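Inspection log for the structure reproduced underneath, given as structure tokens.
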């Protein structure tokens, strides 16, 4: 059982490493520089995959939150929690890489555009998710509260997006889907998306395992303390 | 009877707080007559949102202080009924604050007083606020640092309602017809329905022991 886990993790790690190297090569060497916006456009190959992983991570949190409330297995909660943590890191990366691109291209760091605002609100919701877990009086309660926030928060995402989209929008959207992207660029983007998705799976699996082990250790420790109490009482 | 007296005190303190928000914003923006229409909707909804958060903090406070939450949960009714009871209570509470604060606000900013459309917007927005606020209030009350936990949970989720309410209010104050604001009303109605249903479903997981 354990050795199978290690094998799986090693395969994931090796695959992720190879894909990351390939992605770096494609972004910095293979793909041609975009004509209009110049070299800064290359950040797009990080920005888009990271944004995709961020939504994927929060979706996984949503699914496993429902599973946890339904089945009450700690492992589902560990996955939901781990995925939210990784998602927050990627959401932060989205919010950092976005302005780096926006400054030279739009001339401004930030604008209250639909996607930007939604990402920021998303980030805030999942920071609240992590906070409510750490502020809960007991871990089991934290898991339940986290699951509730994970569900309610994720449902909010499309509503926020729709609302802010009606409010104002400026983000480039149609490029990818209308075939406006040259083949080498599309290839690079795809490799980057796969590489980052593998990285996400790797991080989430590791983090979820760690959390399960932590819970197990806590359980063993309290069982041991209880046993010592009984022994003490007997003598 | 005592509980009711306390509620009245809380309504009044939230009212005073909301009024203070309006006054502070007036200084912060030093509003002139020609700018009023631009900033006024934002000021009204900031006051109502923050006043609402203050009110939601109190929803389960009485039960928590006297350890009566367990007693409430022992009632032989569905947990959803408890949620709806609290929901109706806090809706009435926030609405009472809005009913007083809005005319005062309109007078202070020299805006027209009789605005039935604004009343509808306020009712729709407050339903959305309370649907989410009541749920998160039950979450926050069982955490450490609960006074800060509630706004952190509530405000990001309430963003769509705030945006829609501000936009619709701006259109009302500009004297525009129903058609122009229907999209914002639809968003608020959708938000209200979604969160009333979702919160009713998940509330039992929050309060179970």
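The values are calculated or read from the model by the stated rules, or taken from the named source; none is laboratory data. If you're wondering where the values come from, they're calculated on a predicted model, not measured in any experiment. Positions of Cβ are backbone-derived with ideal geometry, glycine not excepted, and every protein chain shown enters the neighbour counts.
Got at least one residue in region A:58-68 being more than 14 Å from chain B (Cβ to nearest Cβ) and part of a loop (DSSP other than H, G, I, E, B)? No, there is no match, as no residue in region A:58-68 is more than 14 Å from chain B (Cβ to nearest Cβ) and part of a loop (DSSP other than H, G, I, E, B). Within 14 Å of the chain's Cα centre (by Cα) and modelled with pLDDT under 90: is that true of residue B:94 in this structure? Taking the combined requirement at face value, the residue satisfies it.
Exactly one residue among A:128, A:208 is within 14 Å of another protein chain (Cβ to nearest Cβ), at pLDDT 85 or above and either within 19 Å of the chain's Cα centre (by Cα) or over 30 Å from residue A:6 (Cβ atoms) (or both), and that residue is A:128. In the set B:205, B:191, only one residue is under 29 Å from residue B:77 (Cα atoms) and surrounded by 22 or more Cβ atoms within 10 Å (Cβ to Cβ); that residue is B:191.
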